[in-house]
1. Could we say that B:Ala182 is out of contact with any helix residue (DSSP H, G or I) (no Cβ under 7 Å at 6 or more places or on another chain), within 14 Å of another protein chain (Cβ to nearest Cβ) and under 30 Å from A:Leu44 (Cβ atoms) here?
2. Pairs under 9 Å by beta carbon, first residue within 9 Å of another protein chain (Cβ to nearest Cβ) and in contact (Cβ under 8 Å) with a residue 24 or more places away in the chain in segment B:220-249, partner part of a loop (DSSP other than H, G, I, E, B) and of a type in the set (Lys, Arg), six or more apart or different chains?
3. Please find, among A:Gly68, A:Gly25, A:Gly64, A:Gly21, the residue that is at pLDDT 90 or above, open to solvent by less than 60 Å² (accessible area, probe 1.4 Å) and either at the interface with chain B (Cβ under 10 Å from one of its Cβ atoms) or in contact with a strand residue (DSSP E or B) (Cβ under 7 Å, 6 or more places away or on another chain) (or both).
4. Going through segment A:28-42 one residue at a time, which ones are open to solvent by 60 Å² or more (accessible area, probe 1.4 Å) and modelled with pLDDT of 90 or more?
5. Out of (1) open to solvent by less than 60 Å² (accessible area, probe 1.4 Å); (2) more than 14 Å from chain A (Cβ to nearest Cβ), what's the single condition that is false for B:Trp205?
6. If a residue has to be within 30 Å of B:Gly198 (Cβ to Cβ), in contact (Cβ under 8 Å) with a residue 12 or more places away in the chain and not in a loop (DSSP other than H, G, I, E, B) to count, how many in segment B:1-30 make the cut?
7. Those residues that are within 14 Å of chain A (Cβ to nearest Cβ) and either buried (at least 16 other Cβ atoms within 10 Å of the Cβ) or hydrophobic (A, V, I, L, M, F, W, C) (or both), I need them from segment B:41-73; list them, please.
8. Can you name every residue in segment B:180-202 that is in contact (Cβ under 8 Å) with a residue 40 or more places away in the chain and open to solvent by less than 30 Å² (accessible area, probe 1.4 Å)?
Amino acid sequence: MSGFARGMRLSAELVGGVVIGFIFGWLIDRLFGTSPWGLIVFLLLGFTAGVLNVMRSAGVIRPGPLSGAGGEGMHGRQDRN
Amino acid sequence: MDDPIHQFEIVKYVTLGHIGGREIAFTNSALFMAIAVAGISLLLIGATSNRSLVPGRLQSLAEMSYEFVADMINSTAGREGMRFFPFVFSIFMFVLFVNVIGLIPYMFTVTTHIIITATLALMVFFTVIIYGFWRNGLHFLKMFVPSGIPIYILPLVTVIEVMSFLSRPLSHSVRLFANMLAGHITLKVFAGFIGLLGAWGALGWFGAVLPLGLTVALTALELLVAVLQAYVFAILTCIYLNDAIHPGH
């Protein structure tokens, strides 16, 4: 896999987490009028989820309970089944 | 110089009707999706029409694509994943054909519009959720609760896992879309430099050799990216389906 494709893949993972955190926080603020706390908390959580996604898909940590979005962390996938 | 974004414009051909005040039109995007589907159908019907034991050129191409996808499913989702073979094969062939057809000059690349990739990714996402609950019941939720975590940080970890799960269709769709979009813009920009430099006279002609060489090299790279992204999209589909089949290990 080329470096460009790899970079694109990992950055999509990180951005995906942050964007989902933003959407969640924003919706919660809208629904419960807790602005800005929902956004603050869920952006941080989303960032954490993004970093988790990146580390899983880069194979830095073992594909966890969510077996991660990764291509490289797939070795030994069958023997867990 | 031609506008590098112009190639992504949606052009209406025929208005088919209105649903809820929205216009439903047959666009160039729809045309190229239809071309891709027709191409896949022609390849597979043509390849299986004479069914020889020693495959011809077309037949071995179809057999290779079958075995490629079957191996991919077997190695990521196990034997049970094979029940999703038609789904994964359709997705892989569709994205592959659409990407490669888009590389031919004057052709439209359907996957440079995020609505297409998002639809595909959401289809996979909901398939995982519905099949996961249908097959495992509430046990499916166990994949959000990792084992061996101290109880006082378990709620936090669960929230993070849920968000990680929800971010999947996003990264799944953005990856394919961004790769195709960026590639096609780069190609167009470098090709535009040839015309610009060429207009400068003799010195420009020498200068234009550089972007011309780059354009040729980038076209080869784009072919690689087109095939690779179809593969990545399909293998991520398999990995996600694996979670629906075997949640929480």
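1. Yes: the conditions hold for B:Ala182.
2. Filtered contacts from segment B:220-249: B:Ile239/A:Arg77; B:Asn242/A:Arg77.
3. Unique residue meeting the criteria: A:Gly21.
4. A:Arg30, A:Leu31, A:Phe32, A:Trp37, A:Ile40, A:Val41, listed by residue number.
5. B:Trp205 satisfies all of (1) open to solvent by less than 60 Å² (accessible area, probe 1.4 Å); (2) more than 14 Å from chain A (Cβ to nearest Cβ) except (1).
6. Here the count works out to 3.
7. Matches in segment B:41-73: B:Met72, B:Ile73.
8. B:Met180, B:Gly183, B:His184, B:Gly192 - these are the residues of segment B:180-202 that are in contact (Cβ under 8 Å) with a residue 40 or more places away in the chain and open to solvent by less than 30 Å² (accessible area, probe 1.4 Å).
The values are calculated or read from the model by the stated rules, or taken from the named source; none is laboratory data. Just so you know, these numbers come straight off a predicted model, no measurement behind them. Every residue, glycine as well, gets a Cβ built from its backbone with ideal geometry; the counts of neighbours run over all protein chains shown. Note: areas computed on protein heavy atoms with side chains; ligands, DNA, RNA excluded. Shrake-Rupley method; radii C 1.70, N 1.55, O 1.52, S 1.80 Å.
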